Structures are given as structure tokens and as C-alpha cells.
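Worksheet: one structure, shown below.
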Amino acid sequence: MFPAGLLRVHQARGGRPENFHEKNAVQLNDTHPAVAVAELMRLLVDEHELGWDTAWQVTSQAIAYTNHTLLPEALEKWPVEIFARLLPRHLEIVYEINHRFLEEVRAKFPGDEERLARMSLIDESRPRFVRMANLATVASHRVKGVAQLHSSGQAHPRVQTSAPLCAAHSHALFAPETRSARGLSFAHVRDRW
């Protein structure tokens with residue numbers, strides 16, 4: 001997976017894993033490469049032995065995400081069963097990211113179970129899925145959209161009722177201009193859904 005090569009080049013140029021984000025950027029162009037979040041965390045925690053908090057800071061400051069659509073059928077969801085079979089360590093990392101993220105949401109919005117379900121990286125319906133757009137959003141220091149639709153609130157009716165990242169929140173999450181959240185943990189998204 002591509003973060004390993006970036007880390008090797010970074011180190012060959014005298015960089016250290018803990019300052020990877022200062023010299024490198026990982027651009028997630030839609031949700032297809034979102035597993036890079038878990039892979040970068042795995043490399044930093046498991047192979048380079050950084051603590052979770054340091055690894056998360058490096059990861060979330062290195063990653064940016066561009067969303068291309070809010071249509072539910074275009075927002076990737078990976079079946080947990082397949083994810084667990086093919087990338088078990090990556091799924092453990094996604095679960096830990098989700099746990100920490102939902103703790104922040106719970107603290108800010110106590111008792112709002114609907115919000116927790118909507119914002120979770122894991123869709124708990126049967127079968128269970130990893131919501132790759134949510135993962136990309138939570139892990140990114142910058143999130144942007146590519147169309148006016150993402151900020152206009154004029155989304156397709158199905159988006160307004162069923163998208164994991166619903167239209168009511170699309171302006172804050174997917175405005176055409178870049179939104180910076182550098183220096184924040186999950187604050188850049190927790191008020192937005």
C-alpha cells in the first residue's frame with residue numbers, strides 16, 4: 001500500500017516518522033483510497049512504534065480528502081466481514097479510530113444516539129459496513145467537495161434522507177472551497193453532521 005513507499009522515501013531523505021506530515025501529503029481523491037488512513041496508522045504504530053496519539057496526529061495532518069458525490073450509492077461502504085478477512089489489523093485500527101471519535105461526539109452531544117449512529121464509521125445495519133467517506137472525513141485535516149451541489153443543500157432527494165453524510169451537513173463538510181482543520185482532533189467534523 002502506498003503510505004509504506006512514502007515513509008521509506010521520507011526516511012531516506014532524513015525524515016522521521018513523527019514528522020512525516022511536515023513534508024508529505026496524502027490526498028484521498030474520493031473514497032477509493034480511504035484505507036490508506038488505516039495503513040498509515042498501522043505503519044506508524046506497528047512498524048515505527050509511535051504512540052497512538054502521535055501516530056494519529058501525523059496521519060490526520062498528512063491526509064486530505066476530496067469528495068466527489070453525496071449520492072448514497074457512490075459513497076463506498078466496505079463489508080466488515082470481507083474487511084476482517086482481508087485486512088484484520090486495518091479493521092482493528094478503524095474500530096479504534098471510530099471508538100475515539102464517537103467518544104468525542106458523545107461528550108459533545110450526550111444522549112444523541114441518532115447522531116452517533118449517523119456519524120459512526122461503522123454502519124451497524126446487517127450486514128455491517130465500514131463507511132469509507134466517514135473514515136476519510138474524520139482522518140483528514142482538509143476536506144473539500146468538487147461541485148456546488150455539495151454546498152447548496154439542493155442535493156438529490158435520496159441524499160437528503162439516506163446518505164451517511166446527509167445533505168443537511170454537506171455545506172460544512174463538502175463545500176467547494178477547502179476547509180482547514182489543522183490542529184484539531186475531530187472538531188472539524190463533530191459539529192457538522
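The values are calculated or read from the model by the stated rules, or taken from the named source; none is laboratory data. This structure is a prediction, so every number in the text was calculated from the model and none was measured. Neighbour counts run over all protein chains shown; Cβ positions are idealised from the backbone, glycine included.
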Can Ser120 be described as surrounded by fewer than 21 Cβ atoms within 10 Å (Cβ to Cβ), farther than 30 Å from Gln11 by Cβ and touching a helix residue (DSSP H, G or I) at 6+ places or on another chain (Cβ under 7 Å)? yes
Could you please find all residues in the range 68-85 being modelled with pLDDT under 95 and surrounded by fewer than 14 Cβ atoms within 10 Å (Cβ to Cβ)? Glu73
Just to be sure before I move on: is Arg131 of a type in the set (Lys, Arg) and crowded, with 20+ Cβ neighbours inside 10 Å in the structure I sent? yes
Could you list all residues from the range 92-139 that are acidic (Asp, Glu), part of a helix (DSSP H, G or I) and in contact (Cβ under 8 Å) with a residue 40 or more places away in the chain? Glu96, Glu104
Yes or no: Gly5 assigned to a helix (DSSP H, G or I), at pLDDT below 95 and surrounded by fewer than 19 Cβ atoms within 10 Å (Cβ to Cβ)? yes
Considering (1) under 16 Å from the mean Cα position of the chain (by Cα); (2) at positive phi, say which one Ala36 fails and leave the rest. (2)
Lys108 being within 17 Å of the chain's Cα centre (by Cα) and either under 23 Å from Val26 (Cβ atoms) or modelled with pLDDT under 95 (or both): no
The range 15-64, subset among the aliphatic types (A, V, I, L, M), closer than 17 Å to His90 by Cα and part of a loop (DSSP other than H, G, I, E, B), residue modelled with the highest pLDDT: Leu50
